[in-house]
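The values are calculated or read from the model by the stated rules, or taken from the named source; none is laboratory data. Here the structure is a predicted model, which is why all the values come from computation and not from measurement. Positions of Cβ are generated from backbone atoms using ideal geometry, with glycine treated the same way; all protein chains shown enter the neighbour counts. To get the accessible areas, we keep the full protein, side chains included, count just its heavy atoms, and leave off ligands, DNA and RNA. Shrake-Rupley method; radii C 1.70, N 1.55, O 1.52, S 1.80 Å.
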Amino acid sequence: MISFLFCLAFLIVGYLLYGRYVTKVFGPDDRATPAVAVNDGVDYIPMPTWKVFLIQLLNIAGTGPIFGALSGALFGPVAYLWIILGNIFAGAVHDYMCGMLSMRNNGASVSELTGKYLGNGMKNVMRVFSVVLLVMCGVVFTTGPADLLAILTPDVLDATFWLWVVMIYYFIATFVPIDKVIGRLYPLFGVCLIIMAVGVGGSMMFSGKFEMPELWSNFTNMHASGTPIWPFMFITIACGAISGFHATQSPMMARCCKSEKVGQRVFYGAMVAEGVIAMVWCAAGVTCYESSQALLEAGGGCSAVVYAVCQSTMGRVGSVLALLGVIVCPISSGDTAYRSARLTLADWFQIDQKNWKKRLALTAPLLIVGALICQIDYSIVWRYFSWSNQTLAMITLWAAATYLAQQKKNYWLCAVPATFMSAVSATYFVAAPECLGLLWSSMNITMATYYPIAVGAGIAVAVLFLGIYLTTTAKYRRATLA
């Protein structure tokens, strides 16, 4: 329990100290925000800070910090370190910078921001990358809650029925103005989210039924299948540590902030809150199961494990309340995933979203494509989503680092985590079974043989990207001085 409490304290102190430092480096001021300057009554609408924070939290805290953290628990308590360090020094910085840069650029989406700081070629890559990721995200956050709702209604309503119910809700939330559905439902959703986190975490600490393992007594890779920590744990635990999906969500809330000075609370703070959620579920995974083998056999981060954890920690009534919170999390990210996809396409093709017919022309195809992808095996979609998610985070951090360099500010704030995530993404691409691992397998080459190659390739890519960045930055500085 001590290591768990220490990690929670680290997140809180990190928000107060490092979050303040990040804010000081960026330098928010009193300029008019897009919510005030544009205010189109659809996507640009000023909202109270507490509501913007809550929507941001629910946008980003989907299935990821629950399913991902439970799957990360397969590696043992060592996963705690990635959650807290990744959250404070990478994920929260990523979310804050993306949200604030969007505010500085009239609420621009992440693809447009990337194009501005990394060039038009990267902008077009990110446009396609973002839309694909958002649709996959919508799919992930459709099948997950549908399966959980089916567990609550056995022999009455199946997952297919709930799948269509969720998709219909997504269509409405994507289409109508942001304050009509999302702005009104999310406070209620937030109550469910808080009940879930407090209920599960409090039960583990105070019920007396569980003995939480300490980090220092289990400082090793405990994965039953022998999966290496690097880079697999860093891809498995995305939401809660660092997630590129958040880069697609922060601009949406950047269009609703009344002042730049609320950025630390809204963007950095929401990410830290998600880190707390991830810590609770990661701790639940290592606490409620005797070994990683037991958790692996139970399904890792699947819906059945979530239900079992809720039931064992909170009893029957508490498990229903907690499970509702777990259902709300993905739904509250799925609706904004499709909404962000619509906004990205609108920015891309310069389509005015005040006209309901033009909004419908973008909304309907997105939901249809999402419904078709829902027919693919969930685990397959999740694996590709995980890698593309972290790759998007890497690109966003490089864009933010470029902005800081142009402003003659401490660009290492973003360049260090960008370099780290470059190594993670590249190593995973070379090693993962769904990526180049398919090639290795076809040649009957085992992971023990190609794993060192993957690690070396990841380090080489990270060094290459950092070298390109530093060279470009030096040229920019010379040109500025000239």
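Looking at segment 194-240 only, could you name the residues that are more than 24 Å from LEU85 (Cβ to Cβ) and surrounded by 20 or more Cβ atoms within 10 Å (Cβ to Cβ)?
Of everything in segment 194-240, those that are more than 24 Å from LEU85 (Cβ to Cβ) and surrounded by 20 or more Cβ atoms within 10 Å (Cβ to Cβ) turn out to be MET196, GLY199, SER203.
Only one of TYR469, TYR451 is farther than 16 Å from THR227 by Cα, open to solvent by less than 70 Å² (accessible area, probe 1.4 Å) and touching a helix residue (DSSP H, G or I) at 6+ places or on another chain (Cβ under 9 Å). Can you tell me which?
Values: TYR451 fails: farther than 16 Å from THR227 by Cα.
Going through TYR469, TYR451 in turn, the sole match is TYR469.
Run PHE67 past the list (1) outside any loop (DSSP other than H, G, I, E, B); (2) open to solvent by less than 10 Å² (accessible area, probe 1.4 Å) and report the number of the one that doesn't hold.
Status for PHE67: all satisfied but (2).
So, in segment 417-467, exactly how many residues are outside any helix (DSSP H, G or I), hydrophobic (A, V, I, L, M, F, W, C) and under 19 Å from GLN390 (Cα atoms)?
Our first condition is that a residue be outside any helix (DSSP H, G or I); within segment 417-467, this holds for 432-436, 443-446.
Now narrow it down to the ones that are hydrophobic (A, V, I, L, M, F, W, C): 432, 435-436, 443, 445.
Keeping just the survivors that are under 19 Å from GLN390 (Cα atoms) gives 432, 435-436.
Here the count works out to 3.
Restricting to segment 289-307, name every residue that is polar (S, T, N, Q), open to solvent by less than 30 Å² (accessible area, probe 1.4 Å) and under 14 Å from PHE75 (Cα atoms).
In the first step, residues of segment 289-307 are kept if they are polar (S, T, N, Q); the result is 291-293, 303.
Adding the requirement that they be open to solvent by less than 30 Å² (accessible area, probe 1.4 Å) leaves 292, 303.
Within segment 289-307, SER292 is the sole residue that qualifies.
For the subset of segment 23-47 comprising residues that are free of Cβ contacts under 8 Å to residues at least 60 places away in the same chain and outside any helix (DSSP H, G or I), which member is surrounded by the most Cβ atoms within 10 Å (Cβ to Cβ)? First the steps, then the outcome.
Within segment 23-47, the subset free of Cβ contacts under 8 Å to residues at least 60 places away in the same chain is 24, 32, 39.
Next, only the ones that are outside any helix (DSSP H, G or I) stay: 32, 39.
On the way: ALA32: 12, ASN39: 15.
For segment 23-47, the residue satisfying everything is ASN39.
From the list LEU57, LEU17, LEU74, LEU8, exactly one residue is assigned to a helix (DSSP H, G or I), touching a His at 6+ places or on another chain (Cβ under 8 Å), open to solvent by 10 Å² or more (accessible area, probe 1.4 Å) and of a type outside the set (Val, Ile, Thr). Which is it? Talk me through it step by step, then tell me what you get.
Numbers: LEU57 fails: touching a His at 6+ places or on another chain (Cβ under 8 Å); LEU17 fails: touching a His at 6+ places or on another chain (Cβ under 8 Å); LEU8 fails: touching a His at 6+ places or on another chain (Cβ under 8 Å).
Just a single option satisfies the conditions, and that option is LEU74.
Test MET1 against the stated conditions and say whether it is crowded, with 18+ Cβ neighbours inside 10 Å and either at pLDDT 95 or above or touching a helix residue (DSSP H, G or I) at 6+ places or on another chain (Cβ under 7 Å) (or both). Explain how you work it out, then say what you get.
On the way: crowded, with 18+ Cβ neighbours inside 10 Å: no; either at pLDDT 95 or above or touching a helix residue (DSSP H, G or I) at 6+ places or on another chain (Cβ under 7 Å) (or both): yes.
In short, no.
Run PHE89 past the list (1) surrounded by 24 or more Cβ atoms within 10 Å (Cβ to Cβ); (2) modelled with pLDDT of 90 or more; (3) closer than 29 Å to PHE10 by Cβ and report the number of the one that doesn't hold.
(1)
Scan (1) in a loop (DSSP other than H, G, I, E, B); (2) more than 22 Å from the chain's Cα centre (by Cα); (3) within 25 Å of GLY14 (Cβ to Cβ) for the single condition CYS257 breaks and write down its number.
Condition not satisfied by CYS257: (2).
Restricting to segment 96-130, give me the number of residues that are within 24 Å of LEU57 (Cβ to Cβ) and modelled with pLDDT under 85.
Of the residues in that region, 1 qualify.
Go through GLY208, GLY226, GLY202 for me and flag whichever is assigned to a loop (DSSP other than H, G, I, E, B), free of Cβ contacts under 8 Å to residues at least 12 places away in the same chain and either within 16 Å of the chain's Cα centre (by Cα) or farther than 16 Å from PRO77 by Cα (or both).
Numbers: GLY226 fails: either within 16 Å of the chain's Cα centre (by Cα) or farther than 16 Å from PRO77 by Cα (or both); GLY202 fails: assigned to a loop (DSSP other than H, G, I, E, B).
The unique qualifying residue is GLY208.
Run LYS409 past the list (1) open to solvent by less than 80 Å² (accessible area, probe 1.4 Å); (2) in a helix (DSSP H, G or I) and report the number of the one that doesn't hold.
Here LYS409 clears every test but (2).
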